[in-house]
1. If each DSSP helix of 4+ residues adds -39,500 (n - 2.57) and the sum is divided by the residues in the chain, what number results at 222 nm, nearest 500 deg cm²/dmol?
2. Indicate the gyration tensor shape class of segment 1-74 (rounded, prolate or oblate), computed on the Cα atoms with a ≥ b ≥ c the square roots of the eigenvalues: a/c under 1.5 is rounded; otherwise a/b larger than b/c is prolate and the rest oblate.
3. Quick one: with all protein chains in place, what share of the accessible area of segment 31-76 is carbon or sulfur, to the nearest percent (1.4 Å probe)?
4. Once a ≥ b ≥ c are taken as the square roots of the eigenvalues of the Cα gyration tensor of segment 52-186, is the result rounded (a/c under 1.5), prolate (a/b larger than b/c) or oblate (a/b not larger than b/c)?
5. Among the lysines in segment 17-167, how many pairs, 8 or more places apart or on different chains, have alpha carbons under 29 Å apart?
6. Rounded, prolate or oblate, given the Cα gyration tensor of segment 110-180, with a/c below 1.5 counting as rounded?
7. Magnitude of the Cβ-charge dipole of the chain, K/R +1 and D/E -1, about the Cα centre, nearest 20 debye?
8. Ranked highest first by the average count of other Cβ atoms within 10 Å around their residues, in what order do 1-8, 92-99 fall?
Amino acid sequence: SVFIARRGPVVLEPAAWGELSSLAAAWRAADEAERLGAQIVHYDAIGVGASVKGAWESGERRLLFQTNGVKWGDPPTGLKWPNGKTSAEMFVNLRAELWWIMRTRFEKTYQVVTEGAPFPPDELISIPNSPELIAQLSMPLMHSTSSGKLQLESKDDMKKRGVKSPDYGDALAYSFAPGKKKFRVI
């Protein structure tokens, strides 16, 4: 289990814990979110992460943040990109879109640092010196499908290449998931 928080473009040090039950992991994430004063927590709403919602809804404790279950396989958002295309036209699913959003933030940050490009801070990203996070951001491959849409390599395909699940990278991508507010292009 990996928990990554951010304040705007500034990503905080990841919190990770090993073999906890789903219930214990859900409450540890809630504790961490409340300690940091999080307003919203985006979480994996499928697979093992599906039990997070149940834990939080059935718990006697009132959460001090909003929750947003994210499903990687959901369709992309209605976001419109600078090239005039929508996310639905560009990406196979929400997972590909969220990883591409991170890529775009890194690209803009690089341009600000190296060229003095005038992007607003809320379109950038600053990550901590976390070896696990840094390594995992380059693990999944992106490819175009026969229909021309971008797709992130599946975890099964990564496993076939001998690459483990990019839990830190996925946690960072979740932190950029659309919440209750309108999602805008960066």
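The values are calculated or read from the model by the stated rules, or taken from the named source; none is laboratory data. This structure is a prediction, so every number in the text was calculated from the model and none was measured. Note: ideal-geometry Cβ built from the backbone for every residue, glycine included; neighbour counts use all protein chains shown. With ligands, DNA and RNA removed, areas are computed over all heavy atoms of the protein, side chains included. Shrake-Rupley method; radii C 1.70, N 1.55, O 1.52, S 1.80 Å.
1. Values: 7 runs with 70 residues, N = 186.
Value at 222 nm, helices only, nearest 500: -11000 deg cm²/dmol.
2. On the way: a/c = 1.33, a/b = 1.21, b/c = 1.09.
Verdict is rounded for segment 1-74.
3. On the way: 1350 of 2790 Å².
Carbon-and-sulfur percentage of accessible area, whole number: 48.
4. Working: a/c = 1.32, a/b = 1.20, b/c = 1.11.
Rounded, since a/c falls under 1.5.
5. Step by step, the pairs that qualify in segment 17-167 add up to 25.
6. Here segment 110-180 falls in the prolate category.
7. Values: 24 positive and 21 negative charges, 90 e Å.
Magnitude of the dipole: close to 440 debye.
8. Details: 1-8: 18.2, 92-99: 22.6.
Highest to lowest by the protection proxy: 92-99, 1-8.
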